[in-house]
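Take a look at the structure below.
Derivation of every value follows stated rules applied to the coordinates shown; laboratory data play no part. Everything numeric in this text was worked out from a predicted model, so none of it was measured. When we count neighbours, we look across all protein chains shown, and the Cβ atoms used for this are built from the backbone with ideal geometry, even at glycine.
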Amino acid sequence: MLAVQINRFLCGGLAIGICTAHRIFDSCSQATFLKSWSNVAIDGGLVICPDFDSPTYFPPQNLDPIQFGVSRTRDTSILTRRFVFDKNAICILRKMLSPEWRNEHPPSRVVVVSAVLTQAILRADRKKHGKSRASIVSQAVNVRERTIPPISKYACGYWASMCFLESTADESYALECNFFEIVSKMRKVTIQGIKDCERILSDREFGRKVLIDSEFEVVQKSDSSDTKVIWISDWSKFGDYELDFGYGKPIWASLADVPIQDFMTLMNTKDNDGIEAWVAMHESDMPYLEQDEDLRMLTIQLAG
């Protein structure tokens with residue numbers, strides 16, 4: 001359920017690796033665990049008591065197994081690359097939207113980076129297949145503290161819902177070509193996804209649909225040759241660079257390989273101004289993304 005590996009190097013450096021089981025930890029509860037560990041190590045703050053009450057909200061059921069296409073051994077056909085968007089790149093993206101967003105709160109760093117990467121993945125997919133395909137963009141939403149009554153901030157388990165932007169082939173091409181449109185639509189579905197969290201506990205049938213059924217449906221569609229499914233997970237608010245296990249704060253926090261294709265994880269850069277996007281794709285798809293000219297102009301590309 002939990003594995004920790006510590007490597008010491010001759011130069012004096014130290015690397016700490018964490019691996020957790022998704023049935024116990026989602027990304028938010030993993031971040032809570034790491035923060036509590038850090039607090040204990042330096043005697044510098046609240047010792048967090050995790051909440052394991054999830055089964056009282058949704059008792060276990062005998063559900064049919066779902067295949068996510070994830071191997072228990074390392075799949076060498078899935079490549080991971082890191083694309084770094086610094087402060088200047090994010091300012092450029094926001095300026096591109098400023099004429100249309102004069103009277104509204106500007107979109108977040110995560111939204112603009114998610115949108116520009118989604119466009120690049122859609123372009124890569126079109127170049128590979130010779131045509132645009134239908135697409136589904138799936139953004140994970142943390143359910144904690146958003147339900148009525150609120151689920152604990154420190155609830156362990158998988159407390160994430162998914163909000164989806166589903167498009168036909170023609171609509172996918174339009175999103176690929178229009179940055180304002182894709183930002184607007186991705187922002188809209190995320191806001192709706194957050195709003196839907198309110199009903200999860202009061203309407204159990206709706207809650208099951210939001211937490212389980214909708215994700216099952218998208219996973220099944222990801223096996224279709226006619227649909228491109230893109231998964232997005234935002235880790236930028238987890239405070240990785242504030243962790244201290246007694247050895248000082250990290251000089252770099254990173255993500256290991258993700259064995260799911262077309263999956264992007266967004267993390268803060270150390271200066272807290274930029275975004276590191278870790279993108280996992282099939283080895284036959286990654287070259288198209290790496291060669292995308294618009295993406296190359298905005299990012300620093302590094303192997304995972």
Self-check item: Cα-based Rg / Dmax (Å) for the chain
Solution: 19.7, 58
Quiz item: Measuring from label point to label point, each 7 Å out along Cα→Cβ, what is the ASN272 to ASP257 span in nm?
Solution: 3.4 nm
Exercise. Please list 276-288, 114-126, 6-18 highest first by mean number of surrounding beta-carbon atoms within 10 Å per residue.
Key: 114-126, 276-288, 6-18
Quiz item: If you average the sequence gap of Cα pairs under 8 Å that are 6 or more apart and divide by the length of the chain, what percent do you get for the contact order?
Solution: 28 percent
Practice problem: Grab the DSSP H runs of the chain that are 4 residues or longer, score each as -39,500 (n - 2.57), total them, divide by all residues and round the 222 nm result to the nearest 500 deg cm²/dmol. | Solution: -10000 deg cm²/dmol
Quiz item: What helices does the chain have that are whole DSSP H segments, at least 18 Å long along their own axis by Cα, and with mean Kyte-Doolittle hydropathy of 1.6 or more?
Solution: none
Practice problem: Would you work out which of SER172, PHE216, PHE206 lies farthest towards the positive end of the dipole of region 122-224? Charges go on Cβ: Lys and Arg +1, Asp and Glu -1. | Solution: SER172
Exercise. Report, in whole Å, the centroid distance computed from the Cα atoms of region 74-141 and region 217-291.
Key: 12 Å
